[in-house]
Amino acid sequence: MDTSSQRRLSRRAPRRRQSVNVIAPTLGIAILLATLFTSLSPTSFSTATLSDKLALLLTPQAVSNPISPVEPALRIGIVSGHRGNDSGAVCTDANGNVTLTEADVNFKIATLVVQKLTKLGFQVDLLNEFDTRLNGYRAVALLSIHNDSCQYINPEATGFKVAAALDTRDANRASRLLACMIDRYHSTTGLPFHANSITPDMTSYHAFSEIDPNTVAAIIETGFLNLDQEILTQHTDVVADGVVNGILCFVNNENIEPTPMPTDTP
């Protein structure tokens, strides 16, 4: 999301910066992920109320069939970043002609994610950036899909970023959603986790304060529209699978291994 395309968005929510600036030490991310549940197993969701369903998500259960489907009545919200508001980041050619917009890429990914989750039996809502339905939105999870700058920043500006609403009523569930998204998206797409460019504008994403406090939420930037443009536009199905796998990891109470973090070599 670049500055020129965010003018309308910035009047309603903090603008996410494109610059690659370090705001959280790598060690902090590693500690966070290392403390999450690592021996979780699938569970059932036969309870009637949403709060009971959410409570079960963090309750370790006896090992059962790891590929058994979840109860199909669970609701998931997918926000197509910038849709209905503005174009987001804008990619142009050498002559200044628009070749790609972030909003279009976000929508293509979000649409595939919704289709895949719906086929699995979930009730899925495809939401716009400032959708009125976000007000008090109740679901087992909400994920907003975005992408980063079209501009070349440096050779390291490649990969994805995830931030969760950690000020929710249950930070444990939010942390586990974060870990699931990082682990499954990385393993599915092969893209690196770009932890060093997660900004306060992501962690304070506007929808986090609009939805019901019991709804676990996160925002993902699935790649950089410059160096990652090929996988985002030509292998969108793989990108969508990465997102879906992260959500399924959270909902199905799957095992999570902490994501290996880069270490300095002598």
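The values are calculated or read from the model by the stated rules, or taken from the named source; none is laboratory data. All of these numbers come straight from a predicted model, not from anything done at the bench. Note: ideal-geometry Cβ built from the backbone for every residue, glycine included; neighbour counts use all protein chains shown. Calculation scope for accessible area: heavy atoms of the full protein, side chains included, ligands and nucleic acids excluded. Shrake-Rupley method; radii C 1.70, N 1.55, O 1.52, S 1.80 Å.
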Checklist line | Count of the range 107-132 residues which are touching a Gly at 6+ places or on another chain (Cβ under 9 Å) and without any contact (Cβ under 8 Å) to a residue 60 or more places away in the chain | finding: 8
Checklist line | Only listed residue being of a type in the set (Ser, Thr, Tyr), open to solvent by 30 Å² or more (accessible area, probe 1.4 Å), within 21 Å of Val243 (Cα to Cα) and not in a loop (DSSP other than H, G, I, E, B), chosen from Thr99, Thr118 | finding: Thr118
Checklist line | Tyr205, sole failed condition from (1) over 28 Å from Gly84 (Cβ atoms); (2) open to solvent by 10 Å² or more (accessible area, probe 1.4 Å) | finding: (1)
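Can you name the residue in the range 208-236 that is in a helix (DSSP H, G or I) and of a type outside the set (D, E, K, R) and is also surrounded by the fewest Cβ atoms within 10 Å (Cβ to Cβ) among such residues?
Restricting to residues being in a helix (DSSP H, G or I) and of a type outside the set (D, E, K, R), the top hit is Gln234.
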Checklist line | Residues within the range 129-149 that are touching an Asp or Glu at 6+ places or on another chain (Cβ under 7 Å) and of a type outside the set (D, E, K, R), tallied | finding: 7
Margin query: If I go through the range 123-154 residue by residue, how many of them are open to solvent by 10 Å² or more (accessible area, probe 1.4 Å), closer than 19 Å to Gly88 by Cβ and outside any loop (DSSP other than H, G, I, E, B)?
Written below: 1
Margin query: Being touching a residue at least 24 places away in the same chain (Cβ under 8 Å), crowded, with 23+ Cβ neighbours inside 10 Å and over 22 Å from Glu102 (Cα atoms) is true for just one of Val251, Val243, Val239. Which residue is that?
Written below: Val251
Item checked: Odd one out for Ala157, checked against (1) over 20 Å from Val216 (Cβ atoms); (2) outside any loop (DSSP other than H, G, I, E, B); (3) touching a residue at least 12 places away in the same chain (Cβ under 8 Å) -> (2)
